Amino acid sequence: MTTPTSAPSLPLARRRDTCEVFQADAARIRRARERLVSPDTAGRLAELFGVLGDPTRVRLIGALAGGELCVCDLATLVGLSESAVSHQLRLLRSLRLVRARRNGRLVLYALADRHILQLFDQGRRHVQEA
């Protein structure tokens, strides 16, 4: 059952982004509201996807998808300086995408958990389908 709601601020004839008849479906809205993320979660997701919006960081995550690597290994793989890689790893660690493990004087980096690998794999498959 649809229930009319308040009218839009512009006349319908002048608005190109609305339906011909303005009405809201209460059941659809209720189902959508159940899946709607909180403003806090939306902000954190946007921050996550923003970090993943950088090709260098995506390549680092891809390299770490195969297992632990040190900064030297990562720098060699992606063709950047150790300093630049360390800077990117610091950012990835701050968002809990990457974790570090000390082995004597060597620090090894890995993906923080399987969710990061799944997110990376899903995104890669999506773009490779096109």
Checklist entry - Among L52, L89, which is the only one that is at pLDDT 95 or above and not β-branched (V, I, T)? => result L89
Next on the checklist: Restricting to region 73-130, name every residue that is of a type in the set (S, T, Y) and touching a Cys at 6+ places or on another chain (Cβ under 8 Å).
Outcome noted: Y109
Item to check | V51 in contact (Cβ under 8 Å) with a residue 24 or more places away in the chain and touching a strand residue (DSSP E or B) at 6+ places or on another chain (Cβ under 9 Å) | outcome: no
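The values are calculated or read from the model by the stated rules, or taken from the named source; none is laboratory data. Values in this document were obtained by computation on a predicted structure and should not be read as measured data. Every residue, glycine as well, gets a Cβ built from its backbone with ideal geometry; the counts of neighbours run over all protein chains shown.
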